[in-house]
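Take a look at the structure below.
The values are calculated or read from the model by the stated rules, or taken from the named source; none is laboratory data. Treat the numbers as computed from the prediction; the structure is a model and nothing was measured. With ideal geometry, Cβ positions are generated from the backbone for all residues, glycine too; neighbour counts draw on all protein chains shown.
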Amino acid sequence: MVMAAILGLTFAQSLQAQRAATAFWQVQHPPFSKTTGLGLNAISAQSDQNVWAVGHSSVRWDGATWKLVPIVQRGGGTLNLTGVAAFSTNNVWAVGSFVNRQGRTRESVEQFDGRSWKVLPDVSLIGQNLDGLVEDEALTSISAVSPNDIWAAGYIGIEPPCDCIVPFIEHFDGKKWRLSGALLTTDSPGHFQFLEGINEISPTDVWAVGFISINGALNGAPQAFHFDGSQWTPAFVPGAEAARFNAVTAVATNEVWAVGESNDKTLIEHFDGQQWKLVKSPNTQDFENRLFGVAAVSGKSVWAVGDHFMGDGHSLVLHFDGLRWQIVASPSEGHDSHGTILFGASALTSGHLWLGGTFLAKHLPPLRPFVLYTDKGR
């Protein structure tokens, strides 16, 4: 009888959470290629009528419907866009990487001009000697305050004697992409250092975050780097076990948030203008909880997204109300899915919020786009 009562209570609570999620969120299903599918890695809302999401292709929300907009595929492998920044309907930037016919990773920058995507030349360090030849280069994220002030971050792979992966950052001034930092340090040999997120507050205040792994082992530690207008410097961040930062956002110089995961649990840290501090973040009862994206409406409304899973994965949404972080019930794809992951978030000051991700369908093609929208994001 006691067990029956507990199960009944659990079911009632789950049903209540589902109803709350349905009332708060609108599930949107962008179109995708019937042969290759489409997984979404990043999302950017410039207005209610101009929202872009990217992955192996791109989709655009025009205020009424989502439309599939093909990207330029490169090399012998599929291009995977991992960052996007929308300025207007005829000026959208995206970055990512692809594997060429020789099996090497190469970076890519594309711009949408209102008609189609075009590949633009950016900084390539391939073949240069940085304590070993640069063999691989990838971009993971993009951020900007204007079309003439754009930042992109990622990493480069260097052959021996360095035999390492180091952070890589480039900047666009409206005319040309230029190298801003290849962050080699005395700790670089044998280390794998990845940048996963970048956020510009102003031309003299930019943050990039990621993680470091020794010899590729699962022993990561979160990393953060700051640009003051002249140079990039590493910042001290509190340690966490098997941890990584996946994304960063900022409301102001003293309101910066970085999110990720630590030892299979959510990781959130805050920069108050002076130092980074660990912040208590909630988790579900599932085995693993991860955060991949973060966006701020204001200092009293910050959203972080990811997934949690024990077997099949489910969307995970956390909200900061100015005092504490809490889990917000969110829907996942239904019976036709093996799991749902939210990778990106984008917010307008109006409180309109888009969350972009992917679900793994039980039928071909497996990767399909998944978007959550709400106008209650304040």
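Just one residue in the set Ser298, Ser350, Ser337, Ser281 is farther than 28 Å from Ala86 by Cβ and surrounded by fewer than 23 Cβ atoms within 10 Å (Cβ to Cβ); that residue is Ser281. Residue pairs whose Cβ atoms lie under 8 Å apart, separated by 6 or more positions or on different chains, with the first residue in the range 311-324 and in a strand (DSSP E or B) and the second of a type in the set (Phe, Trp, Tyr) and surrounded by 21 or more Cβ atoms within 10 Å (Cβ to Cβ), are Ser315/Phe370; Val317/Trp303; Leu318/Trp303; His319/Trp303; Phe320/Trp257; Phe320/Trp303.
Within the range 307-321, at least one residue is surrounded by 17 or more Cβ atoms within 10 Å (Cβ to Cβ), more than 17 Å from the chain's Cα centre (by Cα), among the aromatic types (Phe, Trp, Tyr) and under 23 Å from Gly39 (Cα atoms).
Just to verify a result, which residue in the range 34-58, among those that are among the aliphatic types (A, V, I, L, M) and buried (at least 24 other Cβ atoms within 10 Å of the Cβ), is nearest to the chain's Cα centre (by Cα)? Give the steps one after another, and end with the answer.
Step one: list which residues in the range 34-58 are among the aliphatic types (A, V, I, L, M), which gives 38, 40, 42-43, 45, 51, 53-54.
Cutting the leftovers down to buried (at least 24 other Cβ atoms within 10 Å of the Cβ) gives us 40, 42-43, 51, 53-54.
On the way: Leu40: 10, Ala42: 6, Ile43: 8, Val51: 16, Ala53: 11, Val54: 11 Å.
For the range 34-58, the residue satisfying everything is Ala42.
Residue-wise test of (1) assigned to a loop (DSSP other than H, G, I, E, B); (2) charged (D, E, K, R); (3) surrounded by 15 or more Cβ atoms within 10 Å (Cβ to Cβ); (4) touching a Pro at 6+ places or on another chain (Cβ under 9 Å).
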position	(1), (2), (3), (4)
Glu110	no, yes, yes, no
Ser124	yes, no, yes, no
Gly127	yes, no, no, no
Asp131	yes, yes, yes, yes
Val134	no, no, yes, no
Leu139	no, no, yes, no
Ile142	no, no, yes, no
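Taking the condition over 29 Å from Phe194 (Cβ atoms), outside any loop (DSSP other than H, G, I, E, B) and either aliphatic (A, V, I, L, M) or modelled with pLDDT of 90 or more (or both), does Leu81 pass? If you could, list the steps in order and put the result at the bottom.
Numbers: over 29 Å from Phe194 (Cβ atoms): no; outside any loop (DSSP other than H, G, I, E, B): yes; either aliphatic (A, V, I, L, M) or modelled with pLDDT of 90 or more (or both): yes.
Considered against the rule, which asks whether it is over 29 Å from Phe194 (Cβ atoms), outside any loop (DSSP other than H, G, I, E, B) and either aliphatic (A, V, I, L, M) or modelled with pLDDT of 90 or more (or both), Leu81 comes out as no.
The set of residues in the range 280-310 that are in a strand (DSSP E or B) and of a type in the set (D, E, K, R) comprises Glu288, Arg290, Asp307. Report whether or not Gly377 is part of a loop (DSSP other than H, G, I, E, B), surrounded by fewer than 19 Cβ atoms within 10 Å (Cβ to Cβ) and out of contact with any helix residue (DSSP H, G or I) (no Cβ under 9 Å at 6 or more places or on another chain). No.
Annotation: of all residues in the range 213-223 being assigned to a strand (DSSP E or B) and surrounded by fewer than 21 Cβ atoms within 10 Å (Cβ to Cβ), the one that is modelled with the highest pLDDT is Ala221. Flag not set for Gly273, criterion: small (Gly, Ala, Ser) and surrounded by 18 or more Cβ atoms within 10 Å (Cβ to Cβ).
Against the condition under 20 Å from Ser141 (Cα atoms), of a type in the set (D, E, K, R) and within 19 Å of the chain's Cα centre (by Cα), how does Glu269 come out, does it pass?
yes
Residues in the range 336-348 that are at pLDDT 95 or above and not aliphatic (A, V, I, L, M): Thr340, Phe343, Gly344, Ser346. Selection within the range 89-123: residues that are among the aromatic types (Phe, Trp, Tyr) and closer than 18 Å to Glu196 by Cα. The member of this set that is nearest to the chain's Cα centre (by Cα) is Trp93.
Looking only at the range 149-199, filter to residues that are β-branched (Val, Ile, Thr) and closer than 26 Å to Thr249 by Cα; which one of those is surrounded by the most Cβ atoms within 10 Å (Cβ to Cβ)?
Step one: list which residues in the range 149-199 are β-branched (Val, Ile, Thr), which gives 150, 156, 158, 165-166, 169, 185-186, 198.
Checking the rest, the ones that are also closer than 26 Å to Thr249 by Cα come to 150, 156, 165-166, 169, 185, 198.
Details: Ile150: 23, Ile156: 25, Ile165: 21, Val166: 25, Ile169: 24, Thr185: 13, Ile198: 27.
Per the stated criteria, the residue is Ile198.
Can you find, within the range 148-207, the residue that is farthest from Trp257 (Cα to Cα) among those that are assigned to a strand (DSSP E or B) and of a type in the set (S, T, N, Q)?
Of all residues in the range 148-207, those assigned to a strand (DSSP E or B) come to 149-158, 164-172, 177-182, 191-202, 205-207.
Then keep just the ones that are of a type in the set (S, T, N, Q); that gives 180, 193, 199, 202.
Details: Ser180: 22, Gln193: 20, Asn199: 10, Ser202: 16 Å.
Filtering the range 148-207 for residues that are assigned to a strand (DSSP E or B) and of a type in the set (S, T, N, Q), the one farthest from Trp257 (Cα to Cα) comes out as Ser180.
Which ones in the range 229-263 are acidic (Asp, Glu) and part of a strand (DSSP E or B)?
At the first step, the residues of the range 229-263 found to be acidic (Asp, Glu) are 241, 255, 261.
Once the filter is applied, which keeps residues that are acidic (Asp, Glu) and part of a strand (DSSP E or B), the range 229-263 yields Glu255, Glu261.
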